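Here's the structure we're looking at; comments come further down.
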Amino acid sequence: MRRLLVLGAGTAGTMVVNKLRPKLGKHDWQITVVDQDASHLYQPGLLLLPFGQYSVEELIKRRQDFVPEGVTLLIKPVDRIDADVNRVLLQDGTELEYDYLVIATGTSPRPDQTTGMTGSEWRRSVFDFYTLEGAIALRDKLATWEGGRLVVHITEMPIKCPVAPLEFTFLADAFFAEKGMRDRVDITYVTPLEGAFTKPIAAKHLGGMLAQRGIALEGDFMVDRVDNETKTLVSMDEREVPFDLLVTVPLNMGSDVIARSGLGDELNYVPVDRHTLLSSAHDNVFALGDASDIPASKAGSVAHFSVELFVENFLQHIAGKPMTHAFDGHANCFVESGRGKGLLIDFNYDTEPLPGRYPVPVLGPFSLLEESHVNHWGKLGFRWAYWHLLLPGHPLPVPSLMSMAGKHRDS
Ligand SMILES: Cc1cc2nc3c(=O)[nH]c(=O)nc-3n(C[C@H](O)[C@H](O)[C@H](O)COP(=O)(O)OP(=O)(O)OC[C@H]3O[C@@H](n4cnc5c(N)ncnc54)[C@H](O)[C@@H]3O)c2cc1C
């Protein structure tokens, strides 16, 4: 009996066990997946929860319900991986041996890594929305906030869903307008990037949308500290951005398990081959989803597209054959822009987000880098697709590799 062990039953880990279980004979393969938390959180919903558009109940389901028959789910924290002897140690002392290991432990916000971020103003005037607790606290704050200087801030890249802070900013603009208090709110978007996004064409479009909404952009801002006394963000080059309400995306880091196991880089991401997701150090270890160091967006869509190719490669690998499928870094993300509209971006390692239509050229129905109501409905509909199609491992009608069909370079 061969043993496959998956660490993390989030987006990537759940898809992997659902896709592999029917392909690996039950008498030949034992599959175990471990997660520290019995509830599965639909993380994209954390963007809309602060604006009262989702309830907590709509974003959480029992993790066990998404794990197929024939796969053992253990709800226990992982302590460390001893990859040299193919063994994982859980925090309660349980030892799990494996023949193949998939690391899918994701990435998490770490406000403790920035001086002053979790100081006296934390969850009073300094908030995050990348955790359920943070999004709930921010929802309660926004419900009664009377206005002032709102600063939306990214600490450092990479972060998961790199467009989420921009979306938060657009939604905040629309939220305050609807409440009839937009004139009482100054919004500033503070980012370590030069512009609104990582890639030039998208940065131009999205930066233009900030300007149209009267939102200031403070770029190249490497935060040094949050000054709780003066309620100011201070950069390493001593620029200061004062706030009445700071919504920050803290530094994102891979799991401490990776650091304790000596398997990660300085941000605890596991170095892998960017096409096969096979560990650079161990021939029987893969890292999927946000846990790896691939230079793609940390996004559920990347987890989805890469898992599709991983499954084919994994079957070749365990049969002792070369892996013939190469992941291209394909990502696509809906970008909520407020007032019932949104954009879509679609890109990969080599091609930046371009204007056009998706997934069908000319017809769409989604428009790339252009606001539309259909894109907004696509984003909302994705929650259903996540629970009912994506996690259970059913096919979605979009190709895993990025296509240039429908895209054009002139903008
Ligand atoms: C606000 C927000 C908005 C987003 N919006 C989008 C979007 O619109 N589109 C999109 O594609 N993506 C979006 N994402 C990103 C998406 O949710 C993640 O990229 C995706 O969930 C990554 O999947 P994963 O399996 O790698 O990690 P996760 O789904 O985070 O799963 C990791 C799992 O590992 C477990 N784990 C970690 N450490 C341990 C341990 N020591 N022991 C046991 N278990 C452990 C965790 O409990 C967790 O269940 C968003 C994220 C956020 C925060």
Practice problem: Output the Kirkwood hydrodynamic radius of the chain, Cα pairs only, in Å rounded to one decimal. | Solution: 22.1
Self-check item: D283 - accessible surface, heavy atoms, 1.4 Å probe, Å² rounded to 10
Solution: 100
Self-check item: the chain, dipole about Cα centre (Lys/Arg Cβ +1, Asp/Glu Cβ -1), debye to the nearest 20
Solution: 1240
Self-check item: Cα radius of gyration and Dmax for region 140-190 (Å)
Solution: 11.8, 35
Quiz prompt | Centre separation in Å (Cα based) which lies between region 122-156 and region 243-313 | solution = 27
Practice problem: Filter the GluC sites (Glu not before Pro) in region 148-219 to those in DSSP coil with at most 13 other Cβ atoms within 10 Å of their Cβ, and list the result. | Solution: E194
Quiz item: Semi-axes of region 1-147's equivalent ellipsoid from the Cα gyration tensor, sqrt of 5 times each eigenvalue, largest first, rounded to whole Å?
Solution: 36, 19, 10
Self-check item: Debye equation applied to the C-alpha atoms of region 212-321, log10 I(q)/I(0) at 0.10, 0.17, 0.23 Å⁻¹
Solution: -0.48, -0.89, -1.19
Practice problem: Using the Cα centre as the reference, give the magnitude of the dipole from point charges on the C-beta atoms of region 56-134 (Lys, Arg: +1; Asp, Glu: -1; all else neutral), rounded to the nearest 20 debye. | Solution: 300
Self-check item: Relative contact order computed over region 1-91 (Cα-Cα under 8 Å; 6+ residues apart), in percent
Solution: 30
Quiz item: What helices in the chain pass both tests, a Cα length along the helix axis of 20 Å or more and a mean Kyte hydropathy of -1.0 or higher, using whole DSSP H runs?
Solution: 164-178, 300-318
Quiz item: How long is the gain from T94 to K26 if the chain were fully straight, where each residue apart is worth 0.36 nm and the alpha carbon distance is subtracted?
Solution: 22.1 nm
Quiz item: Can you put I75, I215 in order of accessible area, largest first, using a 1.4 Å probe?
Solution: I75, I215
Quiz prompt | Computed [θ] at 222 nm, helices only, for the chain once each DSSP H run of length n ≥ 4 contributes -39500 (n - 2.57) | solution = -6500 deg cm²/dmol
Practice problem: Rank these residues by their accessible area, most exposed first, probe 1.4 Å: M1, M157. | Solution: M1, M157
Practice problem: Please list the non-local residues whose amide H lies under 5 Å from the amide H of F197, H modeled 1.01 Å from N, same-chain partners needing a gap of 5 or more. | Solution: A203
Quiz item: To the nearest Å, what is the center-to-center distance of region 21-61 and region 203-219, using C-alpha atoms only?
Solution: 34
Quiz item: Given H placed 1.01 Å from N in the peptide plane, which residues other than close sequence neighbours of R225 have an amide H under 5 Å from its amide H?
Solution: V234
Exercise. With no solvent and one equal point scatterer per Cα, compute the Debye intensity ratio I(q)/I(0) for region 114-153 at 0.15 Å⁻¹ and report its log10, rounded to two decimals.
Key: -0.35
Practice problem: Go through 403-409, 116-122 and give me the packing order, highest mean Cβ count within 10 Å leading. | Solution: 116-122, 403-409
Quiz item: Which pairs in the list K19/K204; K19/K61; K321/K407; K179/K379; K76/K141 are over 29 Å apart, alpha-carbon to alpha-carbon?
Solution: K19/K204; K321/K407; K76/K141
Quiz prompt | Among Y269, L315, G214 - extreme Cα towards positive end, dipole of the chain, charges at beta-carbon | solution = L315
Quiz item: Can you give me the relative contact order of region 130-248 as a percent, contacts being Cα pairs under 8 Å and 6 or more apart?
Solution: 29
Self-check item: Antiparallel bridge percentage (DSSP; both residues within region 277-411; nearest 5)
Solution: 95
Exercise. Determine the per residue accessible area of the chain with all protein chains present and a 1.4 angstrom probe, expressed in square angstrom.
Key: 41
Self-check item: Relative contact order, percent, the chain [alpha-carbon distance under 8 Å, six or more residues apart]
Solution: 16
Practice problem: Run the accessible area of the chain with a 1.4 Å probe and give the carbon-and-sulfur part as a rounded percent. | Solution: 50
Practice problem: Would you mind giving the average projected area, over all directions, of the Cα convex hull of region 288-350 in nm² with one decimal? | Solution: 5.1
Quiz item: Out of the DSSP beta bridges found with both residues in the chain, what percent are antiparallel (nearest 5)?
Solution: 50
Quiz prompt | GNM flexibility winner over the chain from A137, A164, A331 (Cα, springs under 10 Å) | solution = A137
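The values are calculated or read from the model by the stated rules, or taken from the named source; none is laboratory data. None of the values given here were measured: they were computed from a predicted structure. When we count neighbours, we look across all protein chains shown, and the Cβ atoms used for this are built from the backbone with ideal geometry, even at glycine. Heads up: the accessible areas ignore ligands, DNA and RNA and are worked out on the full protein's heavy atoms, side chains in. Shrake-Rupley method; radii C 1.70, N 1.55, O 1.52, S 1.80 Å.
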